[in-house]
Amino acid sequence: MKFEGAVALYEVAAHAVATRETIASPGTSHFVTEFNRLRRALDDFDKDATWQNFMRRCRRIQRELTTTPLSPSDPVFEIANSVDYLTSLLDAERGTYPADLLARGDLCAASLRDLSTDESNPLGSAAAAILTSGDLSRSGLVVPSRHLDRIKECLTTAASGIRLITERELSGLVGIESLVVIGPSSLYPLHLLSAPRAAVMCFVYFDWVRDRDRDTRLFPGSPIAPGVSFRSSPSTLVAVPDEGVDAATLVPVVDWDAMGRASSTNGDGSGDEASIVDANQFLLAGGHCVYLEAVEGPKICVINLEPGSKADLRFAETQTIGPDDYIVLRIAGENRDYIGEIADKDMGQDAARLRALQTEWKTLLHGRVRERGFSRVEQELRDLGVTRPYLLYRLAPDSIRTHNRNDFQLLMVYVGIEDRADEMWTAMGKIVNAHKRAGRRVRKLLEKALLETDTQALIQTGWVDVQLQENDAGTLSVFRVEARSPVVTPVAQDDLQVLHRVEPDLWHG
Amino acid sequence: MFELTLIGYRSKGLYCALPGWAQYLVDLGRFVVTHSPQDKRLVVGISVPTRAYAAALCGLGVASAAYVDTEKEDPLRHFAWLASLPMRTMLRFRKGDRLHCATFVGVKRVDGEDYLVMSGGYSRRWDKCSDIQPGEPEAEFVRPRVLTGNSEFVAASAPGIDPRAHASHTSTDCLIVGTKDRLRPEMIEQGFVTHATGQTPEQSGFLNDLLRCDEFLLNRNDHDRTKIVSAFKDVPDLIKNSAPPAVVFDGAPGYLHHRSNWRRSARVVIIDRTSSKAVEAAEAVQQECVLDIGGVDMSSVGQPPHGIEITAFYEALR
């Protein structure tokens, strides 16, 4: 960034102002009222699976309507399908739950059915009116990335020249004077307010949403909250409790338990102790999820993408991965370990012999775990003097040797091949070196491929397939991490780095 | 320490003085060096709307405050120290705007004056040795080379220092933890200028002319004063165990990765509020506050400008 660009950003940060434009929408308002009434009526039943599924779907629709400047009848909302789904849930429970509760559910579904034919688009119309009253070349419309293509298509018809901006692009914006933001401020990252990228912002949302003022300070006790000043307070007066929705309740909540159940073959962590590994689940852009190891050792290729900067690649420990990191996975082909595959090619005819030696000591270690149990083996290794046993990782197929030679020597003593420790150390060293060369090669290929990739599109959508120019690594996929499970779960080795499609209700509901 | 004056930049052909936020960051860098007592450590956390230029400017303040002109030390003491070095120690010295290398041969006395004798029959009287320094352990013996640097810009923006002395010694005045690729354009591509006055014309240069980052100097064996450590990689023990006057963390990831290092150095943690790790880093800064042994009077730096949020405290050295 040129220095003048930074000067402009500080200017904006010092003087930015924001307004709130609330829009009436009788159709959506009716649905929200019915949904609120149902929620209040549920009381003791809100933990039941049926009602949880019902509420998840309604919450998802509520959020999508709030943040998507399209008419409710638009196919992207799939409201007619949702009505069928919700009705089927209710029908399956007729006679099980109190009739008045089911009637509330029916009213909620009926209000959605009415919406499915509602062709008005008050959010889109208001946004277009505001934007077209100014200089379109220096303004933008901020929308969530979901349904981006459809929004683009419709807005181009309504008012050509409107620039769509997703929340991930905000930090890289320079030279924008005004932004219209669809939805309340609570639905966006705090930096939209604390590090504004436009001098004037207007939040456009339905009048049944109650936005909140947010504390933009990073350090508690700071005398001044940085960022935009709102010209108006959020409206808090709601005559009838059922008619409003607190914006904070529209923030997506990931149901990690449900996602875990839906995406692992061994979700309870039972089975062979040595084949189970502690892992975090990650929600990825585009509605996918994946498990990555939560132990020291395993690494994954990570891409730092900062608007205006060259993509920066590195290998980072999987346990350090978090939201907004871009990770590289291989989802096509049988072997997920693309580094290992390239390393084998690099080692040529020696690969089979070296891999056999690697398998040999691992098999012996697995045998010890089977005989004595995981905890005992780990303790015995420590007693022997191994400084970093990391037994789970040592048992995994992708660990090669210990970092410390003495640890490896002791490991060989423990598995009973002390006399071959030197041979094993040297052989494993050759594999390690081949892996390092493979890592550098993949990094180089990826950097080259990324130069030819539309990184702006990657930032917008959050994922892209990258075809490497040489055949040895094939197609790799880059995904942005959206969220990381707060707790570590034991999963089968076979479940690691396997991509699963997530049912949208589980992370939008 | 050297004073920094009259640096600005050109916009649409006109000279512009550094804006308030930029000057504040330079002043902050100077403050952390000049307000770090031996027995406690100063920790400053700042949040900014963009990381652009923040670490480079703060680093400039640190480097300017930490600068010591070793050539102004007592010449007799310096000579005695050189004379005590083992024979054949590699030395480097300056002749005009060139750096030369030679090995230490011994000391001789001529007409009642001591001289330092180097290979090639070259000798210097005791009071003319202030530019002579032992070569760094890993330095190669090289032929005479021109000192790189923009002496006109350095002299104009830091009046009072000898630009040749500035360019011919290595020292870690400032350590920046960040990403080289992001700092490079700010340090060696963005031009800055000095303000022309009646006597002196405008001089243009780059922040790195003053910072002298090892990563961005022209030749591998040029002398540097600022080190950049990768935010994501582990650092060699030599750097990890060093105690620079101050460490500037350029962004949350580097701070989160390296915060346990350089426990004796003052630190400035720059947090870009758009970073996904901003909250985590701010919480980590606040955690350090547990060892808070006193507030910091920052009135000499002035009020933080709009857009910058700051927290500062002293902590007990561990």
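The values are calculated or read from the model by the stated rules, or taken from the named source; none is laboratory data. The structure presented is a predicted model; accordingly, all values stated were derived computationally and were not measured. Every residue, glycine among them, receives a Cβ derived from its backbone with ideal geometry; neighbour counts consider all protein chains shown. Heavy atoms of the whole protein, side chains included, go into the accessibility calculation; ligands, DNA and RNA do not. Shrake-Rupley method; radii C 1.70, N 1.55, O 1.52, S 1.80 Å.
What to note about this one:
- Some residue of the stretch B:36-45 being open to solvent by less than 10 Å² (accessible area, probe 1.4 Å) and more than 14 Å from every other protein chain (Cβ to nearest Cβ): yes
- The single condition among (1) under 31 Å from the mean Cα position of the chain (by Cα); (2) polar (S, T, N, Q); (3) surrounded by fewer than 16 Cβ atoms within 10 Å (Cβ to Cβ) that A:Thr426 does not satisfy is (1).
- The stretch A:176-232: number of residues that are surrounded by fewer than 22 Cβ atoms within 10 Å (Cβ to Cβ) and of a type in the set (Phe, Trp, Tyr): 4
- Residue count for the stretch A:438-468, restricted to those that are in contact (Cβ under 8 Å) with a residue 24 or more places away in the chain, closer than 15 Å to A:Ser145 by Cβ and assigned to a helix (DSSP H, G or I): 6.
- Checking each residue in the stretch A:469-499 for being modelled with pLDDT of 80 or more, open to solvent by 30 Å² or more (accessible area, probe 1.4 Å) and assigned to a loop (DSSP other than H, G, I, E, B) picks out A:Pro486, A:Val487, A:Val488, A:Gln497, A:Val498, A:Leu499.
- Scanning the stretch B:244-287 for residues that are charged (D, E, K, R), out of contact with any Phe, Trp or Tyr (no Cβ under 8 Å at 6 or more places or on another chain) and more than 22 Å from B:Ala65 (Cβ to Cβ) yields B:Asp272, B:Arg273, B:Lys277, B:Glu280, B:Glu283.
- Residue within the stretch B:290-309 that is within 9 Å of chain A (Cβ to nearest Cβ), part of a strand (DSSP E or B), on the phi < 0 side of the Ramachandran plot and aliphatic (A, V, I, L, M) present: no
- Entry remark, the stretch B:79-122: residues being buried (at least 18 other Cβ atoms within 10 Å of the Cβ), not in a strand (DSSP E or B) and not hydrophobic (A, V, I, L, M, F, W, C) number 0 in total.
- Meets criteria (facing chain A (nearest Cβ under 10 Å), outside any helix (DSSP H, G or I) and either touching a residue at least 60 places away in the same chain (Cβ under 8 Å) or not hydroxyl-bearing (Ser, Thr, Tyr) (or both)) for B:Ala22: no
- When residues of the stretch A:114-141 are limited to those that are modelled with pLDDT of 90 or more and of a type in the set (S, T, N, Q), the one least open to solvent (accessible area, probe 1.4 Å): A:Ser139
- Any hit, the stretch B:57-71, residues being more than 14 Å from chain A (Cβ to nearest Cβ) and without any contact (Cβ under 8 Å) to a residue 12 or more places away in the chain: no
- Of all residues making up the stretch B:241-263, the number that are within 17 Å of the chain's Cα centre (by Cα) and away from chain A (no Cβ under 13 Å): 9
- Selection status of A:Ser82, part of a helix (DSSP H, G or I), assigned by TED's automatic domain parsing to the domain that holds A:Phe230 and free of Cβ contacts under 8 Å to residues at least 40 places away in the same chain: no
- Failed condition for B:Gly191, given (1) buried (at least 20 other Cβ atoms within 10 Å of the Cβ); (2) under 27 Å from B:Leu99 (Cβ atoms); (3) within 14 Å of chain A (Cβ to nearest Cβ): (1)
- Any hit, the stretch A:65-76, residues being open to solvent by less than 40 Å² (accessible area, probe 1.4 Å), within 14 Å of another protein chain (Cβ to nearest Cβ) and at negative phi: no
- Meeting the requirement of 2 or more residues that are free of Cβ contacts under 8 Å to residues at least 12 places away in the same chain, the helices (runs of 4 or more DSSP H) wholly within the stretch A:2-73 are A:3-15, A:49-67.
- Filter result for A:Gly105 (at positive phi, more than 14 Å from chain B (Cβ to nearest Cβ) and small (Gly, Ala, Ser)): no
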